[in-house]
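Taken together, the values in this text are just the output of simple stated rules run on the coordinates, not laboratory data. Predicted, not measured: the structure shown is a model, and the values here were computed from it. Don't worry about glycine lacking a Cβ; one is built from the backbone with ideal geometry, like all the others, and counts go over all protein chains shown.
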Amino acid sequence: MVSHTQLSSAMQRAITLAQHGPSPNPNPQVGCVILDARGVIVAEGFHQGAGSDHAEIMALTNLNPALNPADLTLVVTLEPCNHTGTTPPCTEALLDSGIGTIVFGQPDIGPESGGGATTLFAHGRRIIGGIESAATGALISPWHAHTGQSRARVIGKWAQSLDGRLAAADGTSQWITTPTTRQHVHIQRALADVIVTTTGTIAADDPTLTARNDTGTLLVPAADQPLPVVFGTSPVDDSAAIHCHPALDHYGLAKVPQFAGSDLAADFDRLTELVGHPPRILIEAGPTFLSAVLANQLANKLLIYTAPIMLGGPHHAVGDLGISTLKERFDFTFTGIQRLDTDLIMTLRKDH
């Protein structure tokens, strides 16, 4: 398997290639390399501007067809596109290629073009997102500014039964979803800059909140792991697993940062100071905190994992949002629905 060091080096090469593309341009600068099983670059490509082949297609074109695609790793600065624009979807070309592992730096946050990694993952490809997150974020930042997009977003995530329950009546919840679905969650963690939980969740579950692969080792290096942040007024025990999160050392922190949460919007704004730029925030907390985030209309993206089971009982995924009439509802738009084994993942964006 290609190492973290080799993936980071390959991504740096992809960034260099991307910078050969035009800027400013209607399309972002994107670079791509393909590695063999030893981590050696065997093909390269970059996007040469709107209307031309995307970086992945260029690299595939330059690839020796005699190589076994299942042993190859494609490394690209931006998540492969998932829609037909002036060119066909890169996801289709990658699926046709048979390449076994897809690695990317930044997610595509376009409402139509995004979601390519989930499509590839749902078709059995190994996916790693968030490698060289800071460098690829800097690469795409001018294009985000040019198109009015923002890296910053708050993502609400939960797993539920068909009837919207997080747990059975006795509180048991491990596991509602399948191992494949849970691995998808780890990919989302790797893409986040900050992962938010609560003192209640730590007391109940003692989570590590690292992004891990299916063998339990780190999916991405410490520098690309999400920074854990705790909300709540209760003290966090010094022995809590979250204090050993590898991202803390990267940011020079001895313990996990903690916010009271009395003003969620202000506290979320303060997270920029911790990571040095407006962050991509993933919420992994219980229904009380999640409902507060939703009630304050702070979440602009939802990831809802639904298992084909019915649980009933009191443990609802979402609590009171302060909505008394239909006119006060919060509207979201579906941007993707995918099947992962027996589960469904639904992706939605907030309509403001």
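What to note about this one:
- Highest average packing first - 288-297, 222-231, 140-149, Cβ atoms within 10 Å: 222-231, 288-297, 140-149
- With θ taken as phi - 60° and the Karplus curve 6.51 cos²θ - 1.76 cosθ + 1.60 applied, the whole-hertz 3J(HN,Hα) list for region 257-270 is x, 9, 10, 5, x, 6, 9, 4, 4, 5, 5, 4, 4, 6 Hz, x standing for glycine and proline.
- Peptide ranges 250-261, 52-63, 209-220, 325-336 listed from the most packed, as the mean C-beta count within 10 angstrom indicates: 52-63, 209-220, 250-261, 325-336
- Residues listed by number, region 298-324, amide nitrogen under 20 Å from ALA168 label point at 7 Å toward C-beta: 306-317
- Amide hydrogen neighbours beyond the local backbone of ALA43, cut-off 5 Å, H modeled: ILE34
- Dividing the mean sequence gap of close Cα pairs (under 8 Å, 6+ apart) by how many residues region 1-152 holds gives a relative contact order of 21 percent.
- Between SER23 and THR180, the simple label model (points 7 Å from Cα in the Cβ direction) yields a spacing of 3.8 nm.
- Residue with peak Gaussian network fluctuation, the chain [Cα springs, cutoff 10 Å], from GLY115, GLY286, GLY45: GLY286
- Computed label-point distance, nm, for sites THR215 and THR288 using a 7 Å Cα→Cβ extension: 4.0 nm
- In the chain, helical runs assigned H by DSSP with n ≥ 4 each contribute -39500 (n - 2.57); averaged across all residues and rounded to the nearest 500, the mean residue ellipticity at 222 nm is -8000 deg cm²/dmol.
- Efficiency of FRET between THR86 and GLN297 - r from beta-carbon atoms, R0 35 angstrom, step 0.05: 0.50
- Projected label distance in nm at HIS250 and ASP341, using a 7 Å step from Cα toward the beta-carbon: 2.7 nm
- Selected from CYS81, CYS244, CYS32 as most flexible by GNM, with the chain as the system and alpha-carbon contacts under 10 Å: CYS244
- Here the Karplus curve 6.51 cos²θ - 1.76 cosθ + 1.60, taken at θ = phi - 60°, turns the phi angles of region 132-149 into couplings of 6, 4, 5, 5, 6, x, 5, 4, 8, 4, x, 5, 4, 5, 5, 9, x, 8 Hz, with x standing for Gly and Pro.
- A Förster radius of 56 Å, combined with the Cβ-Cβ distance separating THR325 from ALA66, puts the computed FRET efficiency at roughly 0.30.
- In terms of packing, defined here as the mean over residues of other Cβ atoms within 10 angstrom, the peptides 162-170, 67-75 line up highest first as 67-75, 162-170.
- Interatomic Cα distance distribution for region 96-151, bins of 5 angstrom, percent: 4, 17, 25, 22, 17, 9, 5
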